[in-house]
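The values are calculated or read from the model by the stated rules, or taken from the named source; none is laboratory data. All values reported here derive from a predicted model rather than from experimental measurement. Note: ideal-geometry Cβ built from the backbone for every residue, glycine included; neighbour counts use all protein chains shown. All accessible areas refer to the heavy atoms of the entire protein, side chains included, with ligands and DNA or RNA removed. Shrake-Rupley method; radii C 1.70, N 1.55, O 1.52, S 1.80 Å.
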Amino acid sequence: MDVNGLITKVTWKIEVLSDVGSKSMGLNRQLTKVTWRIENFSSIKDYKLCSESFTVDDSKWQLIIYPRGNNVGFLSIFLRVADSAALASGWTRYAHFGFAVIDQFDRENSKTLATKKEFNANYPIRGFGSFLPLTELRNPKRGYLLNDACLVEAYVFTGRTVDMISHEFIVKTDLDQRKTKEGDCFKAAIGNQKTTTTKPVEVINPSPTLAIELEQPVEEDMNTFFTSLESELSSSGIIYSKEEAKEALAKINEALNMTPVDLNDSGKFSPLKQAFMILASFDGSSTTLTIEQTNELLGLEERLKELANRAAKAVQDKNQLAAKESIKRTMTRSLESSLIRYNEVETEVKQVDQILAALHEEVVEAQKKREKMLAERNGIYRSCKEMKMKLDALGKEWAVYEATARVGEEEEKSVEAEWGRIKDFMSSINGKI
């Protein structure tokens with residue numbers, strides 16, 4: 001990728017950090033770390049960067065980065081099922097994954113986020129539309145773009161039973177060996193590395209308010225749009241009043257006065273997120289917050305949620321024996337009832353099998369009809385997008401058409417006047433002959 005005479009170099013490294021689980025039970029899973037170093041980052045003009053694909057537990061994955069944000073003022077990072085188009089109908093994938101943009105001055109100050117998601121045909125791409133504010137990314141006091149090189153790490157684990165990826169885990173990985181000084185992990189002598197040229201998806205003349213790629217599934221567009229919308233609203237620069245700040249503080253104090261377990265059970269995290277955002281954005285004459293305080297406020301909602309979840313799990317662990325005894329009694333009673341019901345169910349199952357056999361053909365037809373409707377829906381979407389683009393183009397030229405019409409109207413009047421004058425002249429000549 002040639003950008004204003006600069007070559008954007010990408011250093012790509014894949015490591016299997018550990019195998020987790022019992023191999024005897026067939027449960028072992030790989031925790032895979034991907035390191036993606038992108039040089040000349042500020043000079044990148046492409047809308048989207050796509051990494052090479054990599055494999056975790058026989059599944060192919062790909063990283064996607066929006067260097068200038070996906071229509072928001074944040075760096076956006078996503079994980080995608082790389083071969084989703086080739087998978088059989090009804091496929092699903094699960095991943096516990098985390099991303100990090102490394103502070104190359106101090107690794108422990110790196111920006112990290114982690115989540116657990118299910119991937120399927122409707123949602124083949126998951127991640128964070130608002131991973132890191134672009135203003136913070138470009139802040140020279142932070143080491144995110146040291147010598148204009150951005151160091152991105154991704155951690156992918158496909159097991160469901162073990163929680164491994166966290167901020168602490170990410171920043172401690174290789175901390176003793178690599179202090180995040182530039183180039184520590186990217187020496188040419190490392191055998192597993194290779195330098196390539198990225199192949200980004202380029203958007204031609206992207207609009208600042210509309211940059212949706214028409215070839216992508218409509219569900220992906222909608223999911224990305226609403227994720228980006230949430231980030232855009234949170235960074236819209238709204239000025240909140242002192243009364244709103246007091247109300248937000250009251251909500252937070254109300255939550256803090258609850259026990260962590262009660263807060264977890266109440267489900268009041270959404271109002272807390274808004275309250276912390278209001279406090280972080282409030283700018284009173286005597287209450288201006290430092291950048292560190294603002295960042296801490298924005299992260300407190302997730303921190304409280306984490307603590308509440310931990311408290312709930314602790315209570316659950318303490319009461320585990322009583323819960324197991326209750327489950328044991330319930331299961332015993334259920335077995336007794338099931339034993340009585342068994343013979344009746346055997347007869348009912350045969351009857352249901354007959355009904356299912358009769359309905360099989362109807363199900364097949366319904367599936368065909370559904371596939372046809374889905375194809376029609378996608379066709380309508382693409383057609384409407386294309387028509388909307390043409391309508392927008394027509395709107396931009398509308399003033400020219402109106403001006404041309406007015407000139408034509410004046411010209412028509414002029415021609416009619418001249419035409420009438422000639423007719424009058426000829427009439428006067430006819431009277432003399």
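What order do M331, M277 take when sorted by accessible area (1.4 Å probe), most exposed first? If you can, show how the numbers build up before the last one.
Numbers: M331 115, M277 30 Å².
Heavy-atom accessible area, descending, gives M331, M277.
Please compute the net charge surrounding Y144, taking Lys and Arg as +1 and Asp and Glu as -1 over other residues with Cβ under 9 Å from its Cβ.
Values: positive: K111, R138, R142; negative: D103, E136.
Every neighbour counted, the sum reads +1.
Note on S53 and L321: with the Förster distance fixed at 51 Å, the Cβ-Cβ geometry gives a FRET efficiency of about 0.65.
With each label modelled as a point 7 angstrom along the Cα→C-beta vector, the K305-E412 pair spans 6.3 nm.
Once backbone amide H atoms are built at 1.01 Å from N, K60 has A82, D83 as its partners under 5 Å, excluding neighbours fewer than 5 places away on the same chain.
Kindly flag which residue pairs out of K45/K396; K33/K324; K13/K273 have an alpha-carbon separation exceeding 28 Å in this structure. Don't jump to the answer; show the numbers that get you there.
On the way: K45/K396 25 Å; K33/K324 37 Å; K13/K273 36 Å.
The answer is K33/K324; K13/K273.
Is the C-alpha gyration tensor of segment 299-355 telling us rounded, prolate or oblate? Criteria: a/c under 1.5 is rounded; beyond that, a/b larger than b/c is prolate, otherwise oblate.
Details: a/c = 10.48, a/b = 2.21, b/c = 4.73.
Since a/c reaches 1.5 but b/c is at least a/b, the shape of segment 299-355 is classed as oblate.
For segment 89-145, the Kirkwood estimate of hydrodynamic radius, built from reciprocal distances between every pair of different alpha carbons, is 13.2 Å. Computed over every Cα-Cα pair of segment 350-404 and binned at 10 Å starting from 0, the pair-distance distribution P(r) comes out as 20, 21, 18, 15, 12, 8, 5, 1 percent.
Estimated from the Cβ-Cβ distance and a Förster radius of 41 angstrom, the FRET efficiency linking H167 and T330 is about 0.55.
Could you provide, to the nearest whole Å², the per residue accessible area of segment 353-406 with probe 1.4 Å?
On the way: 5000 Å² over 54 residues.
Heavy-atom SASA per residue in segment 353-406 reads 93 Å².
Among the trypsin sites (Lys or Arg not before Pro) within segment 49-158, those in coil by DSSP and having at most 12 neighbouring Cβ atoms inside 10 Å are K141. Using Cα centres only, tell me the gap between segment 64-90 and segment 143-166 in whole Å. For segment 64-90 versus segment 143-166, the Cα centre distance is 15 Å. Note on V81: accessible area approximately 0 square angstrom, rounded to 10, probe 1.4 Å, nucleic acids and ligands left out.
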